[in-house]
1. Could the peptides 150-157, 205-212 be put in order, highest first, of the mean number of other beta-carbon atoms found within 10 Å of their residues?
2. What does the extension gain come out to for Ser29 and Glu294, with contour length at 0.36 nm per residue minus their alpha carbon separation?
3. Largest first, how would Ile103, Ile391 line up by accessible area (1.4 Å probe)?
4. Compute, for segment 362-476, the length of the dipole vector about the Cα centre, with Cβ point charges of +1 (Lys, Arg) and -1 (Asp, Glu) only. Units Debye, rounded to 20.
5. Evaluate 2.2 N^0.38 Å with N set to the residue count of segment 214-354, then give the Cα radius of gyration divided by it.
6. Within a Cβ distance under 14 Å of Arg97, other residues only, what is the Lys/Arg minus Asp/Glu net charge?
7. Quick one: accessible surface of Arg453, probe radius 1.4 Å, all protein chains present, in square angstrom to the nearest 10.
8. If you take the beta carbon distance between Asn359 and Glu77 as r and set R0 to 51 Å, what does 1/(1 + (r/R0)^6) give as a FRET efficiency, to the nearest 0.05?
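The values are calculated or read from the model by the stated rules, or taken from the named source; none is laboratory data. Keep in mind it's a predicted model, so treat the numbers as computed, not measured. Glycine gets a Cβ as well: all are built from the backbone with ideal geometry, and neighbour counts include every protein chain shown. These accessible areas exclude ligands, DNA and RNA; they are computed on the full protein's heavy atoms, side chains included. Shrake-Rupley method; radii C 1.70, N 1.55, O 1.52, S 1.80 Å.
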Amino acid sequence: MARPAGFEGSAPSCYVTGGGGLEICRDGSEAEGVLIAPAPCAFVRGVQILRLPRTEAPGPIQTLFQGQTPIASRRDEPCPERRAIDSRDGGSLRTGRTVEALITTLPPTADRFWVDLPEERTKSRGWSEPTPAAEGIGPRDPIAVAGRDWAGEAYSYVFLLGQERVGVANAQDDAQDDVPTRQRRRPAQSDEAPADVRRRVQIEARTLDFKSFEIRTRAADGYGLAWTPFEPKGGTKSGRGRSDPPTPAPVIDATGKPVASACTAPAFETHGLAGSISIVDRTFHYVYTDVLPEDCGLAPEKRRTGLYLRTAQDLSGPKVWSVAKKLAGPLPPGSLVRVARAKGMQRWAVSYSCQRPANAPGGPVADICLQYTADMNLDGIGALKLYADPIEAGRSPAYLGLRSGGDGSGRFDRSAHFWMTDAQGNLDTPSIYPNKGGFLTWLDRLAPTASGRDTSSLYGRPVYWATWTVRRTDAQ
């Protein structure tokens with residue numbers, strides 16, 4: 001359990017974690033920086049930096065994240081100011097290769113697969129309403145991990161979150177994907193205009209080179225599973241094109257049920273299944289948050305979450321994950337938690353979205369919190385006290401005290417954080433920071449955009465990086 005070492009002095013304070021055996025301190029000299037300030041028509045969200053065990057392509061470092069869905073444009077057109085008005089936008093997996101010396105800057109990346117959006121989306125002023133289109137992949141919140149490399153498997157896997165429709169389209173839905181929940185105006189509901197209700201489902205892709213991906217789909221008979229290459233409209237060099245992208249099949253668990261969020265919600269307000277995957281002792285550990293089933297009747301922004309674990313032995317089998325085991329909860333609504341084996345230790349590292357305590361330097365602002373378990377016992381994850389009471393406030397003394405970002409008035413938004421891992425999903429650091437405990441990335445939806453305009457709270461917003469230092473308390 002973490003505890004503060006005092007809030008006086010320069011922020012942040014040190015705190016003890018790892019069952020009392022570790023201390024985390026971040027003083028003003030701890031490294032931070034800007035990973036990227038995207039163009040007004042682009043965004044970067046959930047950046048995982050992946051070290052591969054090879055120096056030639058696709059190694060040594062792959063960066064992958066969720067980006068904007070491509071739209072048709074002429075080469076001579078300037079990049080337009082952009083915001084999300086279609087719930088499928090923001091559904092592109094992007095990857096890029098880099099080297100150690102450039103790891104603090106986002107490498108050149110490319111779209112790898114996505115859902116096709118209507119081609120004509122812009123007008124001379126503002127945006128048109130989206131036209132009806134078929135459901136597609138819409139991948140969000142990617143998590144990459146190696147396959148069974150100890151058995152000679154060459155594939156790496158990427159798990160993402162899609163949405164499946166479980167209601168009827170609502171023409172009055174005016175929510176925006178890039179507007180924080182607290183600022184959204186909920187559309188009027190009536191029997192004549194039922195909501196577009198959806199739930200999240202986990203989908204899966206695999207790759208050999210992080211450029212070409214195969215999507216896990218239903219076989220032609222409708223029952224089995226197949227791996228279908230993603231080919232954008234227009235075809236490949238062979239001349240073979242696709243009229244529509246492949247429709248992914250939800251990942252199935254040991255009971256034969258899809259891995260899906262517990263609750264349904266309007267398309268822009270679905271929650272659940274975001275997390276991390278790490279391999280320990282040849283077992284895949286998928287740790288994620290989902291809405292507590294007993295809160296499904298509440299408004300989406302008020303639904304508390306729980307922390308869950310599923311395990312797997314083979315990511316290519318027909319039934320991938322075990323049944324879910326609850327590790328912790330309740331947690332605040334919208335919590336994001338990442339879990340991985342700590343670098344150089346037999347402990348779990350647990351990072352999570354949080355608020356600093358009211359009496360902390362800088363006051364109760366958004367931050368990212370981090371704790372370590374005492375050992376590799378999975379029950380130790382659930383034993384951590386992630387938040388102080390009241391839980392709904394999301395406050396914790398185990399905050400890192402990040403400095404970068406913000407709107408200049410003291411407000412910060414540390415969204416969609418991730419970190420650098422090895423190929424097996426466990427913590428790693430760049431060679432330029434060999435003594436650090438980890439390398440963190442996050443999006444700030446309040447920080448000024450590169451263009452200086454605030455058309456969107458998502459598009460054009462910068463992504464930052466930071467390190468942290470952890471030491472044994474008996475080493476003082």
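1. Values: 150-157: 14.0, 205-212: 17.5.
Answer by packing, highest mean first, reads 205-212, 150-157.
2. Contour length minus the Cα-Cα distance gives 90.9 nm.
3. Values: Ile103 5, Ile391 35 Å².
Solvent-accessible surface, decreasing: Ile391, Ile103.
4. On the way: 11 positive and 12 negative charges, 72 e Å.
Rounded to the nearest 20 debye, it is 340 debye.
5. Working: Rg = 18.0 Å, N = 141, 2.2 N^0.38 = 14.4 Å.
Segment 214-354 yields a ratio of 1.25.
6. Residues close to Arg97 contribute a combined charge of +2.
7. Approximately 130 Å² of Arg453 is accessible to the 1.4 Å probe.
8. 0.50
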